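To start, the structure under review is shown below, and the notes come after it.
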Amino acid sequence: MNIREKLQELKGSYDRINEIRGSSTSLATTIKSLFEEDNGDIRNDSMLSPEGKKAKTAELKKKYGKEFIREAKRMKDEFQQHVVKVNARAEIILNEKPGKPSSITIDTFQRELNDMKTKLLLSVNPDEAVKSVQEFADKQKDHYFTYQIKQEFPDIANSIIGISGGDPSFKLKLRDVYDNISDKAQMPEQKEAAQIAGMLEGAFNENLFLERGIELESIARTIGAEFTKYANNPNSYVDSDDE
């Protein structure tokens, strides 16, 4: 599986996450509608006494309350599974190394890199040294080469810091250069994967139902708050019939 296919798999999980996020209203509406339809039959049943209708309605509330919990749990479990998948796939993509270009271009790059590093060791002007590193990185058109500069950056930075006599201002300049190189070293798929993973930061325990939201309040009035209070934490629900 290449990096594009891995990204498509990640995006598929992200799309499913957003679908689940948007399905809470649909679930609440469906449960409420099914309950009201069945409860209408109970109300219209002339064979039932008022007490009988009340008992049947209570049973119906419990039935659809449990159904609501089951569906909320299924949604929560699937949501969390896809959050984990996105984060895991993003890490795999971010750890991908750029593909190698031709051996000739690699040899040319290595020769120029070694030449630049030698000049840094012999330089006495830290500003010119920082500028030469940035210009060398800027002229690279292949992610592979920018990635190689990133890997060499600790040695490059040490050389320039030594030239500067340990001047702290050059650490700040080098940090900017490093950030630019790191950004350029990333492939487009890596940037997109990082962006998507960033949008899901802290999402694992995200509430899928809006607390005190219209749909939750509405269904609470229909089947009972003893069920809807577990909407965002359905795994905590204990069925009294199983005790």
Practice item. Please verify whether region 127-135 includes one or more residues that are of a type in the set (Asp, Glu) and more than 28 Å from residue 188 (Cβ to Cβ). Key: yes
Exercise for review: Confirm whether residue 194 is part of a helix (DSSP H, G or I), surrounded by fewer than 19 Cβ atoms within 10 Å (Cβ to Cβ) and among the hydrophobic types (A, V, I, L, M, F, W, C).
Suggested key: yes
Practice item. Please go through region 111-131 and pick out each residue that is assigned to a helix (DSSP H, G or I) and in contact with a helix residue (DSSP H, G or I) (Cβ under 8 Å, 6 or more places away or on another chain). Key: 112, 113, 116, 117, 119, 120, 121, 126, 129, 130
Review point. Are any of the residues in region 89-98 among the basic types (Lys, Arg) and within 30 Å of residue 236 (Cα to Cα)?
Key: yes
Check your understanding: Does at least one position in region 17-30 carry a residue that is under 15 Å from residue 223 (Cβ atoms) and free of Cβ contacts under 8 Å to residues at least 24 places away in the same chain?
Key -> yes
Review point. Identify, please: which residue in region 202-215 is of a type in the set (D, E, K, R) and at pLDDT below 90 and is, among those, surrounded by the most Cβ atoms within 10 Å (Cβ to Cβ)?
Key: 215
Check your understanding: What number of residues in region 216-233 are closer than 13 Å to residue 74 by Cα and buried (at least 20 other Cβ atoms within 10 Å of the Cβ)?
Key -> 1
Check your understanding: What residue, of 54, 11, 32, 61, is under 20 Å from residue 225 (Cα atoms) and either loosely packed, with under 15 Cβ neighbours inside 10 Å or out of contact with any helix residue (DSSP H, G or I) (no Cβ under 6 Å at 6 or more places or on another chain) (or both)?
Key -> 54
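The values are calculated or read from the model by the stated rules, or taken from the named source; none is laboratory data. Computed from a prediction, not measured in an experiment: that's the story for all the values here. Don't worry about glycine lacking a Cβ; one is built from the backbone with ideal geometry, like all the others, and counts go over all protein chains shown.
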